[in-house]
Each structure stands twice: as C-alpha cells, then as structure tokens.
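Q: Please see the structure below; I have some questions.
Bear in mind that the values in this text are calculations on the coordinates, not laboratory data. Just so we're clear, the structure is a prediction, and the values are computed from it rather than from any experiment. Cβ placement follows ideal geometry from the backbone for every residue including glycine, while neighbour counts extend to all protein chains displayed.
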Amino acid sequence: MYKSLLFLSVIILFSFENLYSETLIIKIESKYDDGYAMLGIYDKKDNFGKAKVNEKPNADIVLMGAVVKITNKKATAIIDVPFGEYAIAGFQDLDGNGVLSGNFLGIPKEPVGFSGDAKVRFGPPKWNDAVFQFKKVNQEVLIFLDKI
C-alpha cells in the first residue's frame, strides 16, 4: 500500500514539472541610447507577428510583456516562465508614446528586434525564424534593436 502511494506521489510530482517557472534572461542591445525596450513574449505561433504599428500592444496575444529602460545602449529583462518554446518581439519606444510608431505604410520608425535575430522582410518575421527552446535555467536570449 505504501509503495503504491509513494509511486503515485512521484508520478504526480513529475506530471506537474512543466508548471514551474524558471528564469529566462533577455539581453537587449540597441544602436540608440534612449527610451524603453518593450518586449512581447509569445508561446503561440498563431499570435506571433500580429502586432501593428501605431496601435497599443494587445495583451491578449502575448504570454507576457516586459518593459525595461535602455541605458548605454543596453538593457536586461529577467522573466520567469516554464521551460518551452517561445518567440520574442520587441521595439524601442524612442518617442515615449507606448506604441510602435510607424509611417502610413505600416513600416516601423522605431528600432525593432526579434529572438533568433529574425529579420523583417516585407512584414514581421515568421515564427520559425524567431522561435527558440527555453530548456535551461538562466538561459540567455539576445534581442538586437535596430531601425528597418
């Protein structure tokens, strides 16, 4: 009886392993030393790349967001998420309006960047170009912000 209970307890503990959050470190570099880096962390392919210029970020499509001050062209965001598959999109809010400012064609005027150094080509990068596996504690991801 006790062996069965112990075995069941071990199975339950390992079943919930993915529910625990671990530390992910997002290093941000930019060519510009002003404003805040605004990041969206995505865990769903269908939601990635849906943000639009000149619109407030939609909290319903991101797993979580982070805002960090850029100092000396660098910043670091530390977040806690479960191990898994993620993509990160970010921009540098140079004008302080809280949105990714863009022109009438929808091209961003402010620096943007993505995990995996995914490039913008006639629109946001594809999920497969930006996705990464978060699988170790204190894993670092680099986001380089630059104007298009």
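Q: What whole-number volume per residue, in cubic angstrom, does the convex hull of the C-alpha atoms of the chain give?
A: Given the Cα convex hull of the chain, per-residue volume reads 115 Å³.
Q: Which is the longest run of the chain containing none of the chymotrypsin sites (Phe, Trp or Tyr not before Pro) found in DSSP loop states (not H, G, I, E, B) with at most 14 other C-beta atoms within 10 Å?
A: In short, 33-103.
Q: To the nearest 20 debye, what is the magnitude of the charge dipole of segment 21-145 about its Cα centre, counting +1 on the Cβ of each Lys and Arg and -1 on the Cβ of each Asp and Glu?
A: It works out to roughly 260 debye.
Q: Provide, in order from the shortest bin, the percent of all Cα-Cα pairs of segment 16-67 in each 10 Å bin, continuing until the bin that contains the maximum pair distance.
A: 18, 43, 32, 7, 0
Q: Can you tell me, using C-alpha contacts under 8 Å and at least 6 residues apart, the relative contact order of the chain as a whole percent?
A: Normalised by residue count, the contact order of the chain is 31 percent.
Q: Arrange 30, 21 by Cβ neighbour counts within 10 Å, fewest through most, would you?
A: Taking fewest neighbouring Cβ atoms as first place, the list is 21, 30.
Q: Something else about it: When we measure straight from the Cα of residue 126, which lysines land under 20 angstrom away, once same-chain ones fewer than 8 places off are left out?
A: 44, 45, 50, 52, 147
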